[in-house]
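Here's the structure, in structure tokens; my notes come after.
The values are calculated or read from the model by the stated rules, or taken from the named source; none is laboratory data. Everything quoted here is computed from the prediction, not taken from an experiment. We place every Cβ from the backbone using ideal geometry, glycine too, and count neighbours over all the protein chains shown. These area figures cover heavy atoms from the full protein model, side chains too; ligands, DNA and RNA do not enter into them. Shrake-Rupley method; radii C 1.70, N 1.55, O 1.52, S 1.80 Å.
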Amino acid sequence: MWGGRFSAQPGALMQAINVCIDYDQKLAPQDIRGSKAHASMLAAQKIITEEDCLAIHKGLDEILEEIESGTFPFKPELEDIHLNVENRLKEKIGDAAGRLHTGRSRNDQVATDFRLWVRDYLDLFDALLINLQSALLGQADQHADTIMPGFTHLQSAQPVTFGHHMMAYLEMFARDRSRFADCRQRMNESPLGAAALAGTPYPIDRDATTKALEFDRPMANSLDAVSARDFALEALAAASICATHLSRLSEEIVIWTSAQFQFISLSDEFTTGSSIMPQKRNPDAAELVRAKVGRIVGALTSLTIVMKGLPLAYSKDMQEDKEPVFDAFEALELGLAAMAGMVNDMTPNKESLAGAAGAAFSTATDLADWLVMSLNMPFRDAHHVTGRVVALAEKQGKTLDKMDLADLQSVEPHITDDIYRVLSPLASANSRTSYGGTAPSEVKKQVERWKKALG
């Protein structure tokens with residue numbers, strides 16, 4: 001494509017390091033879409049003829065069919081998706097293909113393709129996150145009053161409901177959707193027409209290509225247009241946070257399915273066996289989703305380091321921008337789909353959850369709160385009294401709700417039998433009626449709110 005300047009072919013090592021068609025062929029749909037928009041604009045501006053434009057469109061449609069059917073003859077010596085498509089177009093329609101590149105460069109072409117690809121994936125992530133939220137919402141709706149232990153430091157803290165726990169993740173993934181939406185809005189500007197770095201002398205209409213490609217506006221600076229990759233960095237940052245949320249939920253699924261916890265079960269669809277231990281049912285799907293965060297955060301680090309020292313405008317270093325993004329986004333796509341499947345598949349073990357909810361004196365805070373509200377005791381004094389009651393219960397081997405009233409009064413004489421209405425795990429959860437609390441009544445309110453939000 002630049003044979004007029006060079007008299008020999010690139011060396012074998014140069015060819016090896018320069019070629020990116022093995023992975024950037026993923027940009028083919030976006031590349032063809034951008035080229036069709038560019039050709040239509042060139043024709044509308046009388047820069048190329050309508051006949052050439054029609055031939056270009058027809059040829060590009062045929063090329064897309066070849067790519068989708070797996071019959072396209074990719075050629076490594078043509079380096080990338082852009083030159084492969086352009087060369088194939090010339091084979092199909094002749095010299096008219098050479099007019100397509102009028103008024104543009106591979107620099108603004110790849111920047112446009114990459115933005116379109118990332119934007120398409122952001123839309124996919126939103127749909128996948130809605131599916132995951134719906135799965136969480138279904139579990140929350142069904143188990144709004146299923147009691148389980150709430151943890152801090154992975155130690156039993158206070159009783160909560162399984163529905164409340166599911167809704168916590170729904171809220172996290174809602175913020176992920178918001179981050180992806182913010183990123184999409186910010187990146188939705190068109191680089192096309194910036195050419196190599198300085199714009200073009202041809203009378204192009206950047207507003208026309210912007211509209212055709214559903215961008216909000218053309219980028220206002222040609223140097224920025226071809227050199228910016230912060231849109232990909234921002235998308236990777238949002239993806240990393242989302243993957244971290246997936247990893248946290250995966251970790252809980254791994255713990256909850258263990259023989260030591262037995263909080264939930266997963267079907268054969270999301271578990272595997274052992275090659276030597278026939279009794280095993282391993283939560284491999286959750287473990288693999290948990291691991292994906294490493295690849296996704298790694299991609300963010302990789303691209304950050306690639307971009308950190310580049311002068312304006314385009315440098316060949318930026319060929320390294322796409323592969324980590326492709327890998328990270330495909331990993332997140334799989335992780336979101338797998339997690340939605342697991343959440344839909346999981347069956348809570350109500351008996352194990354309820355038993356664990358009452359263990360480790362989980363209603364101690366309820367005892368302290370009762371002392372404050374019923375006896376007007378300062379909380380720090382109530383905390384001290386409760387600690388003494390817990391020590392006595394531990395010595396007797398009893399849960400708090402099984403303590404004799406006389407024993408409770410031996411620690412604090414003013415305690416009455418009204419205390420027992422707050423000492424069971426279910427009573428504890430029912431009492432947490434503050435906005436956003438774990439009370440089943442509050443969980444159901446949040447469930448209804450989200451049913452409306454998700455449609």
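Test residue 360 against the stated conditions and say whether it is surrounded by fewer than 20 Cβ atoms within 10 Å (Cβ to Cβ), in contact (Cβ under 8 Å) with a residue 12 or more places away in the chain and out of contact with any Lys or Arg (no Cβ under 9 Å at 6 or more places or on another chain).
yes
Of the residues 246, 288, 223, which single one is out of contact with any strand residue (DSSP E or B) (no Cβ under 6 Å at 6 or more places or on another chain) and open to solvent by 70 Å² or more (accessible area, probe 1.4 Å)?
Only one candidate passes the filter, namely 288.
List the pairs whose first member sits in segment 202-226 and is in contact (Cβ under 8 Å) with a residue 40 or more places away in the chain, whose second member is of a type in the set (Ser, Thr, Tyr) and part of a loop (DSSP other than H, G, I, E, B), and whose Cβ atoms are under 8 Å apart, counting only residues at least 6 apart or on separate chains?
202/102; 226/105; 226/314
Yes or no, residue by residue, for (1) assigned to a loop (DSSP other than H, G, I, E, B); (2) over 17 Å from residue 82 (Cα atoms); (3) modelled with pLDDT of 95 or more:
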{"position": "1", "(1), (2), (3)": "yes, no, no"}
{"position": "5", "(1), (2), (3)": "yes, yes, no"}
{"position": "9", "(1), (2), (3)": "yes, yes, no"}
{"position": "13", "(1), (2), (3)": "no, yes, no"}
{"position": "16", "(1), (2), (3)": "no, yes, no"}
{"position": "23", "(1), (2), (3)": "no, no, no"}
{"position": "30", "(1), (2), (3)": "no, no, yes"}
{"position": "35", "(1), (2), (3)": "no, no, yes"}
{"position": "38", "(1), (2), (3)": "no, no, yes"}
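Out of segment 397-409, which residues are open to solvent by 20 Å² or more (accessible area, probe 1.4 Å), touching a Ser or Thr at 6+ places or on another chain (Cβ under 9 Å) and modelled with pLDDT under 90?
399, 401
Take residue 136 and decide whether it is more than 30 Å from residue 318 (Cα to Cα) and either open to solvent by 50 Å² or more (accessible area, probe 1.4 Å) or in contact with a strand residue (DSSP E or B) (Cβ under 9 Å, 6 or more places away or on another chain) (or both).
no
Can you tell me which of 308, 316 is out of contact with any His (no Cβ under 8 Å at 6 or more places or on another chain) and either farther than 24 Å from residue 19 by Cβ or of a type in the set (Asp, Glu) (or both)?
The match here is 308.
Given the structure, is residue 182 part of a helix (DSSP H, G or I), buried (at least 17 other Cβ atoms within 10 Å of the Cβ) and of a type in the set (Asp, Glu)?
No.
For segment 433-455, enumerate the residues that are open to solvent by 60 Å² or more (accessible area, probe 1.4 Å) and either aromatic (Phe, Trp, Tyr) or in contact (Cβ under 8 Å) with a residue 40 or more places away in the chain (or both).
435, 444, 451
Is it the case that residue 196 is modelled with pLDDT under 95 and open to solvent by 10 Å² or more (accessible area, probe 1.4 Å)?
no
Quick check on residue 423: is it within 28 Å of residue 163 (Cα to Cα), assigned to a loop (DSSP other than H, G, I, E, B), open to solvent by less than 20 Å² (accessible area, probe 1.4 Å) and not hydroxyl-bearing (Ser, Thr, Tyr)?
Here the answer is yes, as residue 423 does meet what is asked.
Test residue 168 against the stated conditions and say whether it is small (Gly, Ala, Ser), assigned to a helix (DSSP H, G or I), open to solvent by 30 Å² or more (accessible area, probe 1.4 Å) and closer than 23 Å to residue 285 by Cα.
Yes; evaluated as a whole, the condition is true for this residue.
Read through the list (1) without any contact (Cβ under 8 Å) to a residue 40 or more places away in the chain; (2) hydroxyl-bearing (Ser, Thr, Tyr); (3) surrounded by fewer than 21 Cβ atoms within 10 Å (Cβ to Cβ), then give the number of the only condition that residue 386 fails.
(3) is the only condition that residue 386 fails.
Taking the options 95, 52, 61, name whichever one is part of a helix (DSSP H, G or I), out of contact with any Leu (no Cβ under 6 Å at 6 or more places or on another chain) and surrounded by 15 or more Cβ atoms within 10 Å (Cβ to Cβ).
Matching residue, one of 95, 52, 61: 52.
Can you tell me which residue among 124, 129, 89 is open to solvent by 10 Å² or more (accessible area, probe 1.4 Å), part of a helix (DSSP H, G or I) and either among the hydrophobic types (A, V, I, L, M, F, W, C) or modelled with pLDDT under 95 (or both)?
124
Please go through segment 250-264 and give me each residue that is under 18 Å from residue 344 (Cα atoms) and in a loop (DSSP other than H, G, I, E, B), ordered by number.
Correct list: 257, 262, 263.
Specify which of the listed residues (344, 349) is open to solvent by less than 60 Å² (accessible area, probe 1.4 Å) and not aliphatic (A, V, I, L, M).
Going through 344, 349 in turn, the sole match is 349.
Taking segment 410-419 as the search range and keeping residues that are more than 15 Å from residue 386 (Cβ to Cβ) and not in a loop (DSSP other than H, G, I, E, B), which one is least open to solvent (accessible area, probe 1.4 Å)?
Among those residues, the one meeting the criterion is 418.
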